[in-house]
Amino acid sequence: MERTFDCLVIGAGYAGAVAARELAERGGKRVLVLERRDHVGGNAYDCLDESGMLIHQYGPHIFHTASKRVYDWLSRFTQWRDYQHRVLANVHGAYMPVPFNLTSLHMAFPPEQAARLEAKLLAAYGEGARVTILALRENDDPEIRAVADYVYENVFVHYTMKQWGQTPEEIDPATTARVPVLLSRDDRYFQDPYQGMPMEGYTPMFQKILDHPNITVELGVDARDRLELTEGGMKLDGEPFTGTVIYTGQVDELFGFRYGRLPYRTLDFGFETLAMDRFQPAATVNYTVSEDYTRITEYKQLTGQELPGVTTIMKEYSRAYTGAAGETPYYAIINPENNALYEKYRALAEGCGDLHLLGRLAEYKYYNMDAIALRALELCDGLLQK
């Protein structure tokens, strides 16, 4: 039977969309994209709410990258609104920049002490340095060690407990050690050279990426109903399929949870539309010591949308993923036990012909948007060189 398609891509988020376009355009392949949701864009999907506000349905997505290749590639499909993301922490009612920096230092300590601490930190590490809590705690000066303790207690530990559902004793010491203090007054959350928001939104960008004569997109389709994994190969719609398959979904689900579920954290979002121009002093405010939600995002401030007298905010709650209907797995819980379980699934995938795992869920790791776009480009580099 003649193959209608050369490649099958499962999932229309960053990983799937970028890979599909590369295979179709650069490789001249006929690509079928199957997406379970009724929209493209994966978790970066955005849309208008009932008030006309552009919201990110699955939590805030801020584009930033140090990769000129990724920036140039995506810039073919969108113009950018200049946006430099700034995040404030609500610490006992006071707002201070995070990551913790010299501005935060002067908000956290009395004036004379703050000035003394700044002088000590700059003398020890230099202007513009990014110093970890671990390095500060290893300093001989008790005042510098006190800065590390302040950041740990007021910015890091309670927030992390909410985010990951752990006690301080359970939090990986290596994670704590990497928490940075910035010795500058650069209040931006990211320092990457390329930052911005798609001018018309993420969804139109994805629609343009997938708009190619060699790409067929089917929405609302569960690929497991169409794709059958056989010993050493695969079938598509009941017929042997020897083309390339790129899978971006949950790898444990692909194999029917044969070895059990891989653990994730999921998020619940509480959207509120308010009759006011502006709700909070920054697009994102982290609640690092209080409240049961982790942060509040005000979408107007991300998108630059001008809609007088109304704003939409979103409160974000983190909890364990159970696999129940309607839940979305967001964050892999990386530890040796879970990594070992993932490796068992990855080994199964390697026995299925030309099957490639791509993305957060398929590879069971955390990727920023730019990193998964680059990963997709590099995977296609390899596939098209064969």
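The values are calculated or read from the model by the stated rules, or taken from the named source; none is laboratory data. Remember, predicted model here, so these are calculated numbers, not experimental data. Cβ coordinates were reconstructed from backbone atoms using ideal geometry, including for glycine residues, and neighbour counts include every protein chain displayed. Note: areas computed on protein heavy atoms with side chains; ligands, DNA, RNA excluded. Shrake-Rupley method; radii C 1.70, N 1.55, O 1.52, S 1.80 Å.
So the values come out like this:
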{"item": "Per-selection Rg to Rh, region 1-85 - Cα, Kirkwood hydrodynamic radius", "result": "1.04"}
{"item": "Set of region 112-149 residues, backbone N closer than 11 Å to the point 7 Å along the Cα-Cβ line of residue 94", "result": "114"}
{"item": "Lys/Arg +1, Asp/Glu -1 at C-beta; the chain dipole; positive extreme among 282, 320, 351", "result": "351"}
{"item": "Point-to-point label distance, residue 107-residue 200, nm (Cα→Cβ direction, 7 Å offset)", "result": "3.7"}
{"item": "Computed E for residue 371/residue 242 - FRET, C-beta separation, R0 35 angstrom, nearest 0.05", "result": "0.70"}
{"item": "Calculated P(r) of region 214-274 - Cα pairs past 16 Å, %", "result": "62"}
{"item": "Evaluated over region 116-234, the Cα radius of gyration and Dmax, each in Å", "result": "23.6, 68"}
{"item": "Average accessible surface area per residue within the chain, 1.4 Å rolling probe, Å²", "result": "45"}
{"item": "Max mean-square fluctuation residue, GNM over the chain, Cα-Cα springs under 10 Å, options 36, 76, 360", "result": "76"}
{"item": "Accessible-area order (highest first, 1.4 angstrom probe) of the listed residues 356, 56, 158", "result": "158, 356, 56"}
{"item": "Extension gain, residue 25 back to residue 132 (0.36 nm per residue minus Cα-Cα distance, nm)", "result": "34.2 nm"}
{"item": "Gaussian network model of the chain, Cα within-10 Å springs - most flexible of 264, 71, 150", "result": "150"}
{"item": "Accessible-area composition of the chain, carbon plus sulfur, in percent [1.4 Å probe]", "result": "50"}
{"item": "Inter-probe distance in nm under a simple model that places probes 7 Å from Cα toward Cβ, at residue 335 and residue 280", "result": "2.9"}
{"item": "Cβ-derived FRET efficiency at R0 30 Å, residue 211 paired with residue 354, nearest 0.05", "result": "0.70"}
{"item": "log₁₀ of I(q)/I(0) at q = 0.09, 0.15 Å⁻¹ - region 1-159, Debye sum with one point per alpha carbon", "result": "-0.55, -0.94"}
{"item": "Sites residue 122 and residue 79 - FRET efficiency at Förster radius 41 Å, r taken between beta-carbons, to 0.05", "result": "0.55"}
{"item": "Bridge type composition, the chain - antiparallel percent by DSSP, nearest 5", "result": "65"}
{"item": "Gained length - residue 115 relative to residue 259, 0.36 nm times residue gap less alpha-carbon distance", "result": "46.2 nm"}
{"item": "Chymotrypsin sites (Phe, Trp or Tyr not before Pro) within region 333-386, DSSP loop, no more than 13 other Cβ atoms inside 10 Å", "result": "366"}
{"item": "Span from the region 124-157 Cα centroid across to the region 233-305 one, whole angstrom", "result": "32"}
{"item": "Zone residues, region 244-265, relative to residue 224, backbone N less than 13 Å from point 7 Å out along Cα-to-Cβ", "result": "249-262"}
{"item": "Positive-end residue of 105, 51, 33, charge dipole of the chain with Cβ unit charges", "result": "33"}
{"item": "Point-charge dipole on Cβ atoms (K/R +1, D/E -1) for the chain, about Cα centre, debye to 20", "result": "500"}
{"item": "Identified option (computed semi-axes √(5λ) of the Cα gyration tensor in Å; candidates (i) 44, 27, 18; (ii) 40, 24, 20; (iii) 46, 20, 18)", "result": "(ii)"}
